[in-house]
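Peer 1: Here it is, the structure, as structure tokens.
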Amino acid sequence: MNRILLTLLLLGGMMGIAMAQNAVLKGKITDQSSREGLAGASVLIKELNQGANTDSDGKYTIKNLKAGTY
């Protein structure tokens, strides 16, 4: 009985950790005409005041976000 209870507690704790993980938003900003990546563009999530700048290929990554729709 104690082993079953311990197992359930451990599994419940692991599920809580998995649910608390942060999301990552990645993307690429391109020029509409040439389809080339735009270096140095700013990407901002206004609601969170969190963002990133694009690299030389137009790619960006915003880390440590709560999972959701922005």
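Peer 1: For the range 30-54, name all the residues that are in a loop (DSSP other than H, G, I, E, B) and within 17 Å of the chain's Cα centre (by Cα). First the steps, then the outcome.
Peer 2: First, pick out the residues of the range 30-54 that are in a loop (DSSP other than H, G, I, E, B): 31-36, 38-41, 46-49, 54.
Result: Lys46, Glu47, Leu48, Asn49, Thr54.
Peer 1: Sort out which residues of the range 51-70 are at pLDDT 95 or above and open to solvent by less than 70 Å² (accessible area, probe 1.4 Å), and write them in order of number.
Peer 2: Gly51, Ala52, Thr54, Asp55, Gly58, Tyr60, Thr61, Ile62, listed by residue number.
Peer 1: For the range 33-50, what are the residues that are of a type outside the set (D, E, K, R), exposed (fewer than 12 other Cβ atoms within 10 Å of the Cβ) and over 22 Å from Asn22 (Cα atoms)?
Peer 2: Matches in the range 33-50: Ser33, Ser34, Gly40.
The values are calculated or read from the model by the stated rules, or taken from the named source; none is laboratory data. The structure presented is a predicted model; accordingly, all values stated were derived computationally and were not measured. Positions of Cβ are generated from backbone atoms using ideal geometry, with glycine treated the same way; all protein chains shown enter the neighbour counts. We work out accessible area using only protein heavy atoms, side chains counted, and drop any ligands, DNA or RNA first. Shrake-Rupley method; radii C 1.70, N 1.55, O 1.52, S 1.80 Å.
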